[in-house]
Amino acid sequence: MKAIRVTRFGDPSVLELQDVPALIPNPGQVLVRLRAAGVNPVEAYVRTGKYARLPDLPYTPGTDGAGVVEISDSSTLPPGTRVYVTTSVTGTYAEQALCKPEEVHPLPDCISFEQGAALGVPYGTAAWGLFYRGFVRTGETLLIHGASGGVGLAAIQLACAKGARVFGTAGTQEGLNLVKQQGAEAAFNHREPEYLEKIKAATDGLGVDIILEMLANQNLGHDLTLLARRGRVVVVGSRGPVEIDARNIMAREADIRGMTLFTASPAERSEIYEAITAGLNDGSLNPIIGSKIPLGEAPRAHEQIMTSGARGKIVLTM
């Protein structure tokens, strides 16, 4: 089979398409024939060798994927079942992946394989940030910074289904249009110097209850000025240090909450993905694909994932 292999850490060129032996599952494992794999920023960070947790070399990147069960001894996941994968034993930038049964979830017929590959990290991260760290409630006002990317769009759909009032930011007109199409009440261009004042005006000066922040090193200081009393910022991503004025936290009795999906317990992950699967079936969740890139062009996907102006999820196709 074909797989992307990394034999040394470095720039995107270290992502090499290779022919490798077909995978053979151990008892209790599920072998999935993948049709698409999701590309996430964390995979680009790991590839550089500068991330906190690094795999042993060589390795196949990738957490998310979707395809068809090929070999399984699980009665609930017989061969031929359409599935999405939320993590794997062997990596998902490949034509096959070995998974534990709890990492494999039925994919509704109405959802494509490319959409299925957009679920694991983006929707799981959005759900963990909104409901387990941010505790967003019906009727609260939510601001999603970077709402046109994979996690941001997932958060819009999940928050709207919860009954929250949703605002989003993006950096292009196409991104702003997409944010509103997915259910946000208002979208703001974070490249405009006056966008913070526009957000404040949209809340009648009361501020937002919760902010889901994708790039804290750029936005966190400003976020704190947008919060309502006892508001909270959930930090999903950051690419460096940031300076803040702690008085903006004190005056509002606000909270800054970090998060990473990888701290979720198996029971919590099961709960999250059961709810996501239910949302796919009832139509409240519908993953948006921004780019489909062939597996062999994984370096281009990693270059693209680190640029601004996202409009949906980047996936590799087999």
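The values are calculated or read from the model by the stated rules, or taken from the named source; none is laboratory data. Fair warning: this is a prediction, and the values are worked out from it, not measured in the lab. Here the Cβ positions follow ideal geometry from the backbone for every residue, glycine too, while neighbour counts run over all protein chains shown.
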Within the range 225-248, is there a residue that is surrounded by fewer than 14 Cβ atoms within 10 Å (Cβ to Cβ), touching a residue at least 12 places away in the same chain (Cβ under 8 Å), closer than 17 Å to Thr141 by Cα and among the basic types (Lys, Arg)?
yes
Looking only at residues in the range 66-81 that are of a type outside the set (Val, Ile, Thr) and in contact with a Lys or Arg (Cβ under 8 Å, 6 or more places away or on another chain), which one is surrounded by the fewest Cβ atoms within 10 Å (Cβ to Cβ)?
Glu70
Is it the case that Ala117 is surrounded by 24 or more Cβ atoms within 10 Å (Cβ to Cβ), over 21 Å from Ser270 (Cα atoms) and in contact (Cβ under 8 Å) with a residue 12 or more places away in the chain?
no
Could we say that Thr63 is surrounded by 19 or more Cβ atoms within 10 Å (Cβ to Cβ) and closer than 24 Å to Pro108 by Cβ here?
yes
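Per-residue answers, yes or no, for (1) surrounded by fewer than 18 Cβ atoms within 10 Å (Cβ to Cβ); (2) over 14 Å from Pro122 (Cα atoms):
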| site | (1), (2) |
| --- | --- |
| Ala267 | yes, yes |
| Ile288 | no, no |
| Lys292 | yes, yes |
| Ala298 | no, yes |
Subset of the range 270-294, residues in contact (Cβ under 8 Å) with a residue 12 or more places away in the chain and among the hydrophobic types (A, V, I, L, M, F, W, C), comes to Ile272, Ala275, Ile276, Leu280, Leu285, Ile288, Ile289, Ile293
Are there any pairs, at least 6 apart or on different chains, whose C-beta atoms fall under 6 Å, with the first in the range 251-269 and under 20 Å from Pro41 (Cβ atoms) and the second outside any helix (DSSP H, G or I) and among the basic types (Lys, Arg), and if so, which?
Arg257/Arg232
Ile293 passes all but one of the listed conditions (1) in contact with a helix residue (DSSP H, G or I) (Cβ under 6 Å, 6 or more places away or on another chain); (2) assigned to a strand (DSSP E or B); (3) modelled with pLDDT under 95; the exception is number (3)
Could you count how many residues in the range 53-70 are assigned to a strand (DSSP E or B) and under 14 Å from Ser88 (Cβ atoms)?
6
The one condition Ile210 fails out of (1) in contact with an Asp or Glu (Cβ under 8 Å, 6 or more places away or on another chain); (2) in the same structural domain as Leu130 (by TED's automatic domain parsing); (3) surrounded by fewer than 19 Cβ atoms within 10 Å (Cβ to Cβ) is (3)
Within the range 171-229, how many residues are in contact with a strand residue (DSSP E or B) (Cβ under 8 Å, 6 or more places away or on another chain) and either within 22 Å of Arg252 (Cβ to Cβ) or of a type in the set (D, E, K, R) (or both)?
28
Return yes when Ala159 is at pLDDT 95 or above and buried (at least 22 other Cβ atoms within 10 Å of the Cβ) and no when it is not.
yes
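Conditions (1) outside the structural domain of Ala154 (by TED's automatic domain parsing); (2) over 14 Å from the mean Cα position of the chain (by Cα); (3) within 29 Å of Arg191 (Cβ to Cβ); (4) not hydroxyl-bearing (Ser, Thr, Tyr), marked per residue:
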site	(1), (2), (3), (4)
Gly279	yes, yes, no, yes
Asp282	yes, yes, no, yes
Lys292	yes, yes, yes, yes
Gly296	yes, yes, no, yes
Ile305	yes, no, yes, yes
Might you let me know whether the range 20-32 holds any residue that is touching a Gly at 6+ places or on another chain (Cβ under 6 Å) and either crowded, with 19+ Cβ neighbours inside 10 Å or hydroxyl-bearing (Ser, Thr, Tyr) (or both)?
yes
Only one residue in Tyr84, Tyr93, Tyr51 is at pLDDT below 95 and closer than 23 Å to Ala301 by Cβ, so which one is that?
Tyr51
